[in-house]
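What follows is one structure encoded as structure tokens, with my remarks underneath.
We did not get these values from a lab; they are worked out from the coordinates using the rules stated. A quick note: this is a predicted structure, and the numbers were derived from the prediction, not measured. Note that we place each Cβ from the backbone using ideal geometry, even for glycine, and neighbour counts take in every protein chain shown.
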Amino acid sequence: MRQGFSIRFLHFSWLACRLATCYDYQIQFSIDAIIPFAYLSTLIMHQRKLNNGREVEQKSRGQLRRRGMGMVMHIDGRWFKDEQQRTLILRGVNLASNAKIPVRPNGATHLREHAFEHQDVSFVGRPFPLAEADEHFARLKSWGFTFLRFLITWEAVEHAGPGIYDQEYLDYVAAIVEKAGTYGFKLFIDPHQDVWSRFSGGDGAPGWTLEAVGFDMTKFGPSGAALLHAVHGDPFPRMHWPTNGSKLAAATMFTLFFGGHDFAPQTKIEGVNVQEYLQSHYINAIKQVALRLRGMEHVVGYDTLNEPGSGFIGKDDLHAHCGLLELGESPTPYQAMLLGAGYPQKVAVYGIRPTGLRPVSQRVINPDGVRAWQEGCDCIWRQNGVWDLDAAGNPQLLKPDHFSIVRGRKVDFTNDYMTPFVRRFANEIRAADVAPRAFIFFETEPNHFPQELTADGGDARGEGSDVAGLVKQPEQPEQPAQPQQYLVHAPHWYDGVTCYLKRYLPFAGIDVHNMKVVVGRRRVQQSFITQMRRLRDSSGGLPTLIGEFGIAFDLNNKRAYATGNYQAQIKAIDRNFRAMEANLLSYTLWNYNPDNTHARGDQWNGEDFSIYSVDDA
């Protein structure tokens, strides 16, 4: 654990025991019980002995009972319950952010060499080699964690090409997940992605998905289609990577993945519309994992897709800036298309100001006219009639509302595109021959609410979108009868001020749902509690698990690494935990990364969120 930071986990464990059933050993306390600190210390030391010694003392039922792979969880309203109807408030951690990048070749995002290698790669050993699993699982167990959000990526499974699955990686995942069960961990699988792919500035999808639609990934940097750490070099702009969601590469891929039928009907791959092609390959890849884990009772479910992006879907005017996060070079959607087609553009440059994110200057990007598309491939959006050249050869926008109106009706991303995808994913993962009892964890676009999932509605093709219609009733009578019994709302939340400034300001915060600044220590804490309550209450009565929250550890220019004083980090994360506990929320903290170092953090886009670092071990 980070030096000086263990006090946080004593406090964390105390709150967890105070507010809920202790998930690991099932010590049942009332919500209002206060656990004496001396008793808690004894419990923690006892847990360490149980974990480090290879035996578990058997206690009488209802007092101290090790809950291992055999405990069956179920959903009752907005709560997780065990087979004795005791409420479980899950205390977990994400394992691990290094799963975003390959082991071979080293995929750390700052490395230029092999940055665009995407077929001959291997993720075997993410999050850690099987031979080191005991060390890491024992450590996590001793810290009080009993639940995991286990990261994989689509790329890790299907990097070699469409329909070619990495059997060695699947074998590895099965072995490491099985090992987690022997330590009593429950977990769900998170098919992780950020801004689509490693090659568009994040992680997730295989490189061949970009090539299949005509992109040349090696040209993304100079054409402005993506901001890549390996291309940009150091220092990499702090927390600029999310802006890739509104740049050409990621925005195009998300639009095609969720809405290709409506917005790119001319785009087909192997005779199949691009939406069907991408979704079917993605779901089939995750099914390969589910089939390998079939029968492991401690695998409770599957996330649908980490932090899904809407791309261009729903954008009313392609001339207007549309991203939730505008930071650094920020082209409009139309400018992004023209940049990718090789037309230099003067774009707004946004910066952080006391009043929020504001344009601070302008800059011409792609002055050399580099195209983001392969030779012989035209811009997909030109092919689909969004823009074209006039008689003089100048580009002109033909359909500024192309992504907001379908058959005369204004579209909504969550209702019309995300919901049908969640329904399809759940149907296929929960099929009788795959994982029929799996919970399905879903999240909407970051900082958006899922009320639409519980309201009557229909997508642009006339399909319903209420929660009860998300997943068809299973044919087997022994299966849960209603989707509410296996759907879990799993949104993410981060303290925006701390994340983006990399400073702990006790008197300042931001309400990420309405982007309002909050001033005053007590007001900030109450704002965090209110934001958590909004997330919980927006689920339509489904259980809510905060899939990600956490803090950057390299606060104040990494001062703690030199001094060993982690008080700023402790105070920052304490505000987060208090907001969670005030709302009795289950959660998985972001994150545990066995490869974290002081110099390079989590090895990905300059982030440093891991609660463990090899330099502090």
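Please state the shape class of the stretch 166-319: rounded when a/c is under 1.5, otherwise prolate if a/b exceeds b/c and oblate if not, all from the C-alpha gyration tensor.
Cα axes put the stretch 166-319 in the prolate bin.
Highest first, please rank the peptides 546-553, 77-84 by the mean number of other Cβ atoms sitting within 10 Å of their residues.
Values: 546-553: 25.4, 77-84: 15.4.
Descending mean neighbour count gives 546-553, 77-84.
Shape of the stretch 263-363 from its Cα gyration tensor (a ≥ b ≥ c, root eigenvalues): rounded if a/c is under 1.5, otherwise prolate when a/b > b/c, or oblate?
Working: a/c = 3.55, a/b = 1.70, b/c = 2.09.
In terms of gyration-tensor shape, oblate.
Peptides 582-592, 249-259, 406-416 ranked from most to least packed give 249-259, 582-592, 406-416, packing being the mean of other C-beta atoms within 10 angstrom over each peptide's residues.
Distance from the alpha carbon centroid of the stretch 163-187 to that of the stretch 534-613 works out to 25 angstrom. Cross-link partners for residue 179 among the lysines, with Cα-Cα distance under 23 Å and sequence neighbours closer than 8 places in the same chain left out: 49, 100, 141, 287. Ranked by the mean number of other Cβ atoms within 10 Å per residue, highest first, peptides 314-322, 142-150 order as 142-150, 314-322. Considering only 338, 365, 278, the residue lying farthest towards the positive end of the dipole of the stretch 244-394 is 365, judged by Cα position with unit charges set on Cβ.
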